[in-house]
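To start, the structure under review is shown below, and the notes come after it.
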Amino acid sequence: MLSSGVAGSSSERQRLKRELSKQATLFHENLALPIATGETGNTLWLFREEIQGESLRDRLDRGALPPSEAIAITAQLAAGLD
């Protein structure tokens, strides 16, 4: 969610609306699926599916990743960004 205070000027809001619209079209197995986008009052929002599991932060809090696991995670991140 982006409130009007974050969105700023009218041109900034239009840019953010275009960005949200483009994000809503991104489909990849390594990305949370977009469900809907919209605007409520002065708040822009993007709703994505909830993904169950451990976050990368939680995993890193348990200790360093073995190189093979770090490479696998990095490959998944890169594929999603691609």
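Of the residues making up segment 24-56, those that are assigned to a loop (DSSP other than H, G, I, E, B) and touching a strand residue (DSSP E or B) at 6+ places or on another chain (Cβ under 9 Å) are Ala24, Thr25, Leu26, Phe27, Leu31, Ala32, Leu33, Glu49. Residues in segment 15-36 that are surrounded by 10 or more Cβ atoms within 10 Å (Cβ to Cβ) and hydroxyl-bearing (Ser, Thr, Tyr): Ser21 alone.
All of Glu50, Glu39 fail the test of being touching a Lys or Arg at 6+ places or on another chain (Cβ under 8 Å) and open to solvent by 60 Å² or more (accessible area, probe 1.4 Å), apart from Glu39.
The values are calculated or read from the model by the stated rules, or taken from the named source; none is laboratory data. Everything numeric here is computed off the predicted structure, so don't read it as measured data. Quick reminder, even Gly has a Cβ in these numbers, built from the backbone with ideal geometry, and neighbours come from all protein chains shown. Note: areas computed on protein heavy atoms with side chains; ligands, DNA, RNA excluded. Shrake-Rupley method; radii C 1.70, N 1.55, O 1.52, S 1.80 Å.
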